[in-house]
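Here is the structure we will look at.
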Amino acid sequence: MLFVTIACGAISGWHALFGSIGTARQLEYETDGLPVGGGSMFSENALGLLSLVAISIAGGVGAGAFAGGVGKLLGMVTFGAIPLPYGTALGFGVFVVIVLTVVQLVFRVMRVVLSEWLGEAWVGFKNAHIAAIVSMLLTLLLVLSGTWVYLWQLFGSSNQLMAALSLLIVSLWLKSIGRSPRFALYPMLFMYVTTMAAMVVTAYNLYASILSNPKIAAQPVNVIGALAMIIVSALLFVAAALIAYDAWRAWTRMKPSAPEAVKEPRLAPAR
(Lines give C-alpha, C1' and ligand atoms only; values in the text may rest on other atoms or scores of the structure.)
Protein backbone atom coordinates (compact mmCIF):
# COMPACT_ATOMS: atom_id res chain seq x y z
CA MET A 1 0.00 0.00 0.00
CA LEU A 2 3.05 2.29 0.17
CA PHE A 3 2.88 3.69 -3.34
CA VAL A 4 -0.85 4.46 -3.10
CA THR A 5 -0.25 6.23 0.22
CA ILE A 6 2.75 8.42 -0.57
CA ALA A 7 2.08 8.61 -4.34
CA CYS A 8 5.78 9.21 -5.04
CA GLY A 9 8.27 6.87 -6.61
CA ALA A 10 9.12 5.18 -9.86
CA ILE A 11 5.67 5.66 -11.38
CA SER A 12 2.86 8.13 -10.91
CA GLY A 13 -0.39 8.85 -12.70
CA TRP A 14 0.14 12.55 -12.09
CA HIS A 15 3.41 12.40 -14.02
CA ALA A 16 1.89 10.22 -16.72
CA LEU A 17 -0.78 12.88 -17.21
CA PHE A 18 1.66 15.79 -17.32
CA GLY A 19 4.16 13.86 -19.40
CA SER A 20 1.63 13.71 -22.23
CA ILE A 21 0.18 17.21 -21.74
CA GLY A 22 2.74 19.69 -20.44
CA THR A 23 6.17 18.10 -20.52
CA ALA A 24 5.94 16.85 -24.11
CA ARG A 25 5.09 20.35 -25.33
CA GLN A 26 8.09 21.90 -23.58
CA LEU A 27 10.76 19.59 -24.99
CA GLU A 28 12.97 21.22 -27.56
CA TYR A 29 13.89 17.90 -29.22
CA GLU A 30 12.08 14.56 -29.26
CA THR A 31 15.29 12.82 -28.21
CA ASP A 32 15.12 14.73 -24.90
CA GLY A 33 12.04 12.72 -23.89
CA LEU A 34 13.94 9.80 -22.36
CA PRO A 35 16.40 11.73 -20.13
CA VAL A 36 13.71 14.22 -19.06
CA GLY A 37 11.07 11.57 -18.33
CA GLY A 38 13.47 9.10 -16.72
CA GLY A 39 15.24 11.82 -14.78
CA SER A 40 11.92 13.11 -13.47
CA MET A 41 11.03 9.69 -12.10
CA PHE A 42 14.44 9.28 -10.46
CA SER A 43 14.02 12.72 -8.88
CA GLU A 44 10.54 11.81 -7.66
CA ASN A 45 11.89 8.59 -6.19
CA ALA A 46 14.61 10.57 -4.39
CA LEU A 47 11.97 12.93 -3.00
CA GLY A 48 9.91 10.01 -1.71
CA LEU A 49 12.93 8.44 0.00
CA LEU A 50 13.96 11.82 1.46
CA SER A 51 10.47 12.29 2.90
CA LEU A 52 10.51 8.86 4.52
CA VAL A 53 13.99 9.41 5.96
CA ALA A 54 13.09 12.88 7.29
CA ILE A 55 9.90 11.67 8.97
CA SER A 56 11.71 8.63 10.39
CA ILE A 57 14.41 10.84 11.92
CA ALA A 58 11.90 13.32 13.35
CA GLY A 59 9.58 10.64 14.68
CA GLY A 60 6.42 12.65 13.96
CA VAL A 61 4.02 13.63 11.21
CA GLY A 62 3.18 16.77 9.26
CA ALA A 63 5.13 19.67 7.82
CA GLY A 64 6.88 20.43 11.11
CA ALA A 65 8.19 16.88 11.43
CA PHE A 66 9.37 16.91 7.82
CA ALA A 67 11.23 20.20 8.29
CA GLY A 68 12.75 19.06 11.59
CA GLY A 69 13.85 15.78 10.06
CA VAL A 70 15.47 17.58 7.12
CA GLY A 71 17.28 19.87 9.59
CA LYS A 72 18.66 16.93 11.57
CA LEU A 73 19.59 15.07 8.39
CA LEU A 74 21.50 18.05 6.99
CA GLY A 75 23.30 18.45 10.29
CA MET A 76 24.39 14.81 10.29
CA VAL A 77 25.55 14.62 6.66
CA THR A 78 27.53 17.89 7.03
CA PHE A 79 28.98 16.86 10.42
CA GLY A 80 27.36 19.84 12.14
CA ALA A 81 28.38 22.47 9.55
CA ILE A 82 24.67 23.28 8.99
CA PRO A 83 23.06 24.15 12.36
CA LEU A 84 19.73 22.58 13.23
CA PRO A 85 17.69 25.86 13.07
CA TYR A 86 19.11 26.71 9.65
CA GLY A 87 18.54 23.19 8.32
CA THR A 88 14.98 23.19 9.67
CA ALA A 89 14.31 26.49 7.90
CA LEU A 90 15.58 24.97 4.68
CA GLY A 91 13.26 22.01 5.24
CA PHE A 92 10.28 24.34 5.61
CA GLY A 93 11.37 26.17 2.47
CA VAL A 94 11.48 22.92 0.50
CA PHE A 95 8.04 21.96 1.80
CA VAL A 96 6.54 25.32 0.78
CA VAL A 97 8.07 25.08 -2.71
CA ILE A 98 6.62 21.59 -3.16
CA VAL A 99 3.15 22.75 -2.08
CA LEU A 100 3.22 25.84 -4.31
CA THR A 101 4.36 23.78 -7.29
CA VAL A 102 1.62 21.19 -6.85
CA VAL A 103 -1.09 23.81 -6.28
CA GLN A 104 -0.27 25.79 -9.40
CA LEU A 105 -0.20 22.56 -11.42
CA VAL A 106 -3.62 21.61 -10.02
CA PHE A 107 -5.09 24.93 -11.16
CA ARG A 108 -3.51 24.53 -14.59
CA VAL A 109 -5.09 21.10 -15.01
CA MET A 110 -8.47 22.34 -13.77
CA ARG A 111 -8.27 25.24 -16.22
CA VAL A 112 -7.54 22.92 -19.14
CA VAL A 113 -10.33 20.51 -18.11
CA LEU A 114 -12.88 23.33 -17.84
CA SER A 115 -11.85 24.69 -21.24
CA GLU A 116 -12.16 21.33 -22.99
CA TRP A 117 -15.19 20.08 -21.05
CA LEU A 118 -17.43 23.17 -20.93
CA GLY A 119 -15.78 25.44 -23.48
CA GLU A 120 -18.32 24.58 -26.17
CA ALA A 121 -21.22 25.25 -23.80
CA TRP A 122 -19.90 28.72 -22.85
CA VAL A 123 -17.00 30.36 -24.59
CA GLY A 124 -15.98 32.08 -21.33
CA PHE A 125 -14.50 28.83 -20.03
CA LYS A 126 -11.95 28.99 -22.83
CA ASN A 127 -10.61 32.19 -21.34
CA ALA A 128 -7.58 31.33 -19.19
CA HIS A 129 -8.40 33.95 -16.53
CA ILE A 130 -12.08 32.99 -16.15
CA ALA A 131 -11.26 29.27 -16.04
CA ALA A 132 -8.55 29.89 -13.42
CA ILE A 133 -10.91 31.96 -11.22
CA VAL A 134 -13.65 29.31 -11.41
CA SER A 135 -11.08 26.62 -10.51
CA MET A 136 -9.90 28.57 -7.47
CA LEU A 137 -13.48 29.21 -6.31
CA LEU A 138 -14.31 25.50 -6.55
CA THR A 139 -11.17 24.67 -4.58
CA LEU A 140 -12.05 27.28 -1.96
CA LEU A 141 -15.50 25.68 -1.61
CA LEU A 142 -13.90 22.29 -0.96
CA VAL A 143 -11.57 23.78 1.67
CA LEU A 144 -14.25 25.79 3.50
CA SER A 145 -16.71 22.89 3.52
CA GLY A 146 -14.13 20.50 4.95
CA THR A 147 -14.85 17.81 2.35
CA TRP A 148 -11.33 18.09 0.89
CA VAL A 149 -10.08 15.94 3.80
CA TYR A 150 -12.06 12.99 2.49
CA LEU A 151 -11.21 13.75 -1.13
CA TRP A 152 -7.51 13.68 -0.25
CA GLN A 153 -7.84 10.10 1.01
CA LEU A 154 -8.72 9.02 -2.52
CA PHE A 155 -5.86 10.88 -4.15
CA GLY A 156 -3.30 8.11 -3.83
CA SER A 157 -5.45 5.35 -5.33
CA SER A 158 -6.97 7.55 -8.06
CA ASN A 159 -3.54 8.97 -8.94
CA GLN A 160 -1.94 5.57 -9.32
CA LEU A 161 -4.98 4.30 -11.21
CA MET A 162 -4.11 6.85 -13.90
CA ALA A 163 -0.63 5.34 -14.00
CA ALA A 164 -2.13 1.87 -14.44
CA LEU A 165 -4.28 3.17 -17.30
CA SER A 166 -1.22 4.74 -18.90
CA LEU A 167 0.62 1.41 -18.73
CA LEU A 168 -2.49 -0.26 -20.16
CA ILE A 169 -2.38 2.02 -23.21
CA VAL A 170 1.36 1.40 -23.61
CA SER A 171 0.83 -2.39 -23.39
CA LEU A 172 -1.84 -2.34 -26.09
CA TRP A 173 0.29 -0.12 -28.32
CA LEU A 174 3.34 -2.36 -27.95
CA LYS A 175 1.32 -5.43 -28.91
CA SER A 176 -0.23 -3.65 -31.87
CA ILE A 177 3.22 -2.94 -33.36
CA GLY A 178 4.50 -6.45 -32.70
CA ARG A 179 6.80 -5.70 -29.77
CA SER A 180 6.83 -7.43 -26.38
CA PRO A 181 4.53 -5.64 -23.89
CA ARG A 182 5.75 -7.54 -20.84
CA PHE A 183 7.75 -4.72 -19.22
CA ALA A 184 4.58 -2.58 -19.16
CA LEU A 185 1.98 -5.34 -18.87
CA TYR A 186 3.11 -6.94 -15.59
CA PRO A 187 3.44 -3.63 -13.65
CA MET A 188 0.08 -2.59 -15.06
CA LEU A 189 -1.64 -5.72 -13.73
CA PHE A 190 -0.06 -5.24 -10.29
CA MET A 191 -1.06 -1.58 -10.13
CA TYR A 192 -4.55 -2.21 -11.44
CA VAL A 193 -5.31 -4.80 -8.75
CA THR A 194 -3.65 -2.77 -5.98
CA THR A 195 -5.34 0.54 -6.79
CA MET A 196 -8.79 -1.00 -7.17
CA ALA A 197 -8.32 -2.79 -3.84
CA ALA A 198 -7.20 0.51 -2.28
CA MET A 199 -10.41 2.20 -3.42
CA VAL A 200 -12.49 -0.54 -1.81
CA VAL A 201 -10.49 -0.29 1.42
CA THR A 202 -10.81 3.52 1.49
CA ALA A 203 -14.57 3.38 0.94
CA TYR A 204 -14.98 0.78 3.69
CA ASN A 205 -12.84 2.79 6.11
CA LEU A 206 -14.97 5.89 5.49
CA TYR A 207 -18.12 3.89 6.19
CA ALA A 208 -16.73 2.17 9.29
CA SER A 209 -15.08 5.22 10.87
CA ILE A 210 -17.64 7.92 10.02
CA LEU A 211 -21.05 6.66 8.93
CA SER A 212 -21.06 3.89 11.56
CA ASN A 213 -19.84 6.20 14.33
CA PRO A 214 -22.85 7.98 15.93
CA LYS A 215 -20.76 10.86 17.32
CA ILE A 216 -19.07 11.70 14.02
CA ALA A 217 -22.12 10.92 11.88
CA ALA A 218 -24.08 13.54 13.82
CA GLN A 219 -22.12 16.26 11.99
CA PRO A 220 -23.59 16.93 8.50
CA VAL A 221 -20.23 17.91 6.97
CA ASN A 222 -18.68 14.56 7.88
CA VAL A 223 -21.66 12.62 6.52
CA ILE A 224 -21.73 14.58 3.25
CA GLY A 225 -17.98 14.26 2.76
CA ALA A 226 -17.89 10.54 3.53
CA LEU A 227 -20.91 9.74 1.34
CA ALA A 228 -19.54 11.79 -1.55
CA MET A 229 -16.19 10.03 -1.43
CA ILE A 230 -17.79 6.58 -1.13
CA ILE A 231 -19.79 7.37 -4.28
CA VAL A 232 -16.65 8.62 -6.04
CA SER A 233 -14.83 5.43 -5.03
CA ALA A 234 -17.62 3.31 -6.46
CA LEU A 235 -17.66 5.31 -9.71
CA LEU A 236 -13.89 5.03 -10.09
CA PHE A 237 -14.02 1.28 -9.43
CA VAL A 238 -16.78 0.71 -11.99
CA ALA A 239 -15.07 2.93 -14.57
CA ALA A 240 -11.76 1.10 -14.08
CA ALA A 241 -13.47 -2.26 -14.44
CA LEU A 242 -15.22 -1.19 -17.66
CA ILE A 243 -11.96 0.13 -19.11
CA ALA A 244 -10.21 -3.11 -18.19
CA TYR A 245 -12.96 -5.15 -19.90
CA ASP A 246 -12.79 -2.99 -23.01
CA ALA A 247 -9.00 -3.31 -23.07
CA TRP A 248 -9.26 -7.09 -22.74
CA ARG A 249 -11.62 -7.22 -25.73
CA ALA A 250 -9.19 -5.09 -27.74
CA TRP A 251 -6.30 -7.31 -26.66
CA THR A 252 -7.99 -10.57 -27.71
CA ARG A 253 -9.00 -9.34 -31.17
CA MET A 254 -5.75 -7.51 -31.88
CA LYS A 255 -3.49 -8.98 -34.54
CA PRO A 256 0.06 -7.76 -34.00
CA SER A 257 1.75 -6.29 -37.02
CA ALA A 258 5.38 -6.78 -37.94
CA PRO A 259 7.82 -5.02 -35.62
CA GLU A 260 8.57 -1.49 -36.69
CA ALA A 261 11.99 -0.80 -38.07
CA VAL A 262 14.28 1.24 -35.85
CA LYS A 263 14.31 4.78 -37.14
CA GLU A 264 16.93 7.44 -36.74
CA PRO A 265 15.95 9.98 -34.04
CA ARG A 266 14.48 13.20 -35.31
CA LEU A 267 16.60 16.20 -34.54
CA ALA A 268 14.18 18.88 -35.68
CA PRO A 269 12.61 20.92 -32.86
CA ALA A 270 9.24 19.52 -31.73
CA ARG A 271 6.28 21.73 -32.55
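Would you mind estimating how fast the range 89-188 diffuses translationally, via Stokes-Einstein at 37 °C and 0.692 mPa s with the Kirkwood radius over Cα pairs, in µm²/s?
Values: Rh = 16.6 Å.
In µm²/s, the coefficient rounds to 198.
What size of dipole, in debye to the nearest 20, comes out for the chain about its Cα centre when the only charges are +1 on Lys and Arg C-beta atoms and -1 on Asp and Glu C-beta atoms?
Values: 15 positive and 9 negative charges, 75 e Å.
The calculation lands at about 360 debye.
Heads up, I need the accessible area for I231: 1.4 angstrom probe, whole protein in place, Å², nearest 10.
100
Quick check on the range 24-131: what does the Kirkwood estimate of hydrodynamic radius come out to from the alpha carbon pairs, in Å? Intermediate values should be presented prior to the final figure.
On the way: mean 1/r = 0.0596 Å⁻¹.
Final number for the Kirkwood radius of the range 24-131 is 16.8 Å.
Got the relative contact order for the chain handy, in percent, Cα pairs under 8 Å and 6 or more residues apart? Can you show the working numbers first?
On the way: 273 pairs, mean separation 61.1, N = 271.
Relative CO of the chain lands at 23 percent.
Kindly provide log₁₀ I(q)/I(0) values, in the same order as q = 0.08, 0.12, 0.13, 0.14 Å⁻¹, from the Debye equation applied to equal alpha-carbon scatterers of the chain.
One equal scatterer on each Cα of the chain leads to -0.45, -1.01, -1.16, -1.30.
Could you work out the Kirkwood radius for the range 103-254, taking every pair of different alpha carbons, averaging 1/r and inverting it, reported in Å? Don't skip to the answer; put the middle values down first.
Numbers: mean 1/r = 0.0561 Å⁻¹.
Every distinct Cα pair counted, the radius reaches 17.8 Å.
Of R253, R25, R111, which has the most accessible area and how do the rest follow, probe 1.4 Å? Intermediate values should be presented prior to the final figure.
Values: R253 150, R25 180, R111 80 Å².
Heavy-atom accessible area, descending, gives R25, R253, R111.
Taking the Cα-to-Cβ direction at D32 and at L118 and moving 7 Å from each Cα, how far apart do the two end points lie in nm?
Distance between label points: 3.5 nm.
Just how many % of Cα pairs in the range 128-182 lie over 19 Å apart, if you round to the nearest whole percent?
On the way: 848 of 1485 pairs.
Summing the P(r) of the range 128-182 above 19 Å gives 57 percent of all pairs.
Which of these, L185, L144, L74, has the largest mean-square fluctuation under a Gaussian network model of the chain (Cα springs below 10 Å)?
Sorting by GNM fluctuation, first place goes to L144.
So what is the accessible area of the chain per residue, in Å², with the probe set to 1.4 Å? Don't jump to the answer; show the numbers that get you there.
On the way: 17150 Å² over 271 residues.
Solvent-accessible surface per residue comes out at 63 Å².
Can you compute the helix-only [θ] at 222 nm over the chain? Use -39500 (n - 2.57) per DSSP H run of at least 4 residues, normalise by all residues, nearest 500 deg cm²/dmol.
Values: 11 runs with 196 residues, N = 271.
About -24500 deg cm²/dmol.
The values are calculated or read from the model by the stated rules, or taken from the named source; none is laboratory data. This is a predicted model, so every value here is computed, not measured. FYI the Cβ positions are ideal-geometry reconstructions off the backbone, even for glycines, and counts take in every protein chain you see. Areas reflect the complete protein model, heavy atoms only, side chains present, ligands, DNA and RNA absent. Shrake-Rupley method; radii C 1.70, N 1.55, O 1.52, S 1.80 Å.
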